[in-house]
Amino acid sequence: MKKVGLLLILFIISISGFSQKTAVTSAFNFLKDGFLEDAKKAIDKAEDHAQTKEWFRTYYYKGQIYQALGITDNKKYNALCGETCLDIAYDAYLKSIKYNLKNPEDKNIDLESEVGFMRFVKILSENDERNFEDSESLIDILMNRFPALSNAFVNKGVANFQTNNYEEAYSQFEKALDIATLSFKVDTQLIYFTSLAAMRSEKFKEAIDLNEALIQLNYGVDEEEKVSVYMNQSRAYQAMENTEKMLKTLEKGIEKYPNSNYPLVIELFNYYVNIGETEKAFNYINLAIEKNPNDPQFYVIKGTLLEEMKRKEDAKNEYEKALEIDPENFDANYSMGAFYYNSAVDTLDWAEENVPINEFAKMNEYKEISNSLFGNALPYLEKSYSQQPTNLNVLNTLRTIYYRLGKMEEFEKVRKELEALTD
């Protein structure tokens with residue numbers, strides 16, 4: 001009788017275990033038939049049961065069910081797990097892989113860590129089906145489920161990026177990247193998206209690692225895109241206050257892509273201007289002109305640097321080149337006008353300091369020279385005024401010139417316009 005009772009208990013346990021495994025299969029059938037709510041209820045119960053809570057197939061199906069809930073357009077189904085659907089699916093697939101491994105020591109493998117991932121690669125490289133309970137479901141996860149899940153996270157990341165929610169976009173792209181790695185895919189486009197989101201969310205350390213990967217993988221459909229990666233990397237280093245690496249990154253990109261390095265050249269130029277290293281800035285503006293000889297703005301910038309370097313005649317030549325390319329360029333007209341204006345003021349200042357007060361004839365001579373220079377400035381500044389009639393710098397300079405040249409009607413007009421703008 002005792003033996004019969006023991007057999008009965010074993011039979012009940014067996015039937016119970018079989019029943020739960022049948023429930024897992026039922027959950028999958030609900031999924032196939034499109035009854036996602038029923039599928040979720042069935043698989044959640046199976047996950048809680050002792051007989052199936054560590055069975056690889058429970059999580060293999062759970063991953064598929066929650067993945068379907070995460071991408072469905074049916075709001076009723078999607079609301080069953082909301083924003084967490086895809087995360088739950090990912091976690092389920094990871095558990096399915098771990099429970100699929102036969103070696104008890106491997107069932108706690110951390111697939112999201114570098115050590116755990118390398119251990120998993122080693123197991124796969126042994127190419128021995130005896131390492132797994134079921135190789136078919138494992139291959140399906142790696143080759144089919146993971147790529148689709150990664151793409152779903154990418155779509156969420158793009159949606160968040162487009163609404164300027166860069167923190168969340170980075171989180172979604174990073175998850176997509178982790179999944180792509182587990183499926184042994186090197187998705188450079190995804191790495192690029194993740195790097196952009198990292199930059200926008202000010203995760204500069206992470207951005208540096210991602211950009212370095214892109215550089216090593218030679219990412220970019222053309223040189224311009226490759227240059228943009230160097231630009232992002234330099235700005236990430238700048239944000240981390242690593243000036244040395246920022247400069248090396250820019251210089252390396254300039255050297256590597258001589259035909260498309262214009263943005264990097266301008267970045268270096270601006271850096272040296274901002275820290276007051278005019279000579280170095282001058283070298284890079286020359287390089288920019290070499291790459292873009294028909295851009296008048298560069299000649300204006302070069303002229304400004306030359307004035308700072310006390311090379312006034314050379315500066316004037318650069319402004320003239322800019323005006324030859326584009327006579328309507330505001331900065332070129334204003335810079336040329338300012339050049340003559342400053343020359344006129346400098347002439348008067350020099351005379352007042354060096355000409356004896358009683359030498360009236362000589363002082364008048366310098367005043368005439370100054371007025372001539374004011375006259376040279378006038379057409380350029382009046383052109384600037386016609387382009388930007390509310391520019392305070394232009395108006396103030398014109399007011400002074402009109403007064404010096406005795407053009408009182410024009411002086412009064414400009415004076416009133418200045419008062420109206422500054423009151």
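For labels at Lys256 and Asn218 in the simple 7 Å Cα→Cβ model, what's the distance in nm?
Taking the two extended label points, one gets 1.1 nm.
Net charge around Ser372, counting only other residues with Cβ within less than 14 Å of its Cβ (Lys, Arg = +1; Asp, Glu = -1)?
The answer is -1.
What value, in deg cm²/dmol to 500, does the helix sum -39500 (n - 2.57) over DSSP H runs of n ≥ 4 give at 222 nm once divided by the residues of the chain?
Roughly -25500 deg cm²/dmol at 222 nm, from the helical runs in the chain.
So if I place +1 on the C-beta of Lys and Arg and -1 on the C-beta of Asp and Glu, and nothing else carries charge, what would the dipole magnitude of the chain be about its Cα centre? I want it in debye, nearest 20.
2180 debye
With only alpha-carbon atoms in the gyration tensor, what are the semi-axes of the equivalent ellipsoid for the chain, in Å, largest first?
Over the Cα atoms of the chain, the ellipsoid semi-axes are 76, 23, 15 Å.
Residues in region 347-375 near a label at Glu320, defined as backbone nitrogen under 19 Å from the 7 Å Cα→Cβ point?
Zone members listed by number: 372-375.
Please order Ser183, Ser384 by the number of other Cβ within 10 Å, starting at the fewest.
Going from sparsest to densest Cβ surroundings: Ser183, Ser384.
Ordered by packing density, taken as the mean number of other Cβ atoms within 10 Å over each peptide's residues, highest first, how do 410-418, 295-303 rank?
Per-residue Cβ counts within 10 Å, averaged per peptide and sorted highest first, yield 295-303, 410-418.
Within a 10 angstrom radius of the beta carbon, how do Thr84, Thr194, Thr304 rank from fewest other beta carbons to most?
Values: Thr84 12, Thr194 29, Thr304 20.
Fewest-to-most Cβ neighbours within 10 Å comes out as Thr84, Thr304, Thr194.
Could you give the length gained by full extension between Tyr403 and Glu352, i.e. 0.36 nm per residue of separation minus their alpha carbon distance, to one decimal place?
16.5 nm
P(r) of region 186-292 in 10 Å steps, Cα pairs, percent per bin?
15, 46, 30, 8, 0
Given the pairs Lys310/Lys407; Lys291/Lys312; Lys226/Lys302; Lys203/Lys245; Lys175/Lys256, which are separated by over 26 angstrom at their Cα positions?
Working: Lys310/Lys407 31 Å; Lys291/Lys312 24 Å; Lys226/Lys302 28 Å; Lys203/Lys245 17 Å; Lys175/Lys256 32 Å.
As for pairs spanning more than 26 Å Cα to Cα, those are Lys310/Lys407; Lys226/Lys302; Lys175/Lys256.
Taking a cut-off of 19 Å between Cα atoms, list the aspartates and glutamates near Lys321, but don't count ones fewer than 8 places away on the same chain.
Filter leaves Glu290, Asp295, Glu307, Glu308, Glu313, Asp331.
For a quick check: sort Phe56, Phe204 by the number of other beta carbons within 10 angstrom, fewest at the front.
Ascending Cβ contact count within 10 Å gives the list Phe204, Phe56.
Calculate the dipole size of region 296-423 relative to its Cα centre from +1 charges on Lys and Arg beta carbons and -1 charges on Asp and Glu beta carbons; express the result in debye to the nearest 20. Walk me through the numbers before you get to the answer.
Values: 15 positive and 24 negative charges, 13 e Å.
So the dipole magnitude of region 296-423 works out to roughly 60 debye.
Read-outs: derived from the displayed coordinates by stated rules, not from any lab. From a predicted model like this one, the values you see are computed outputs, not experimental measurements. We place every Cβ from the backbone using ideal geometry, glycine too, and count neighbours over all the protein chains shown.
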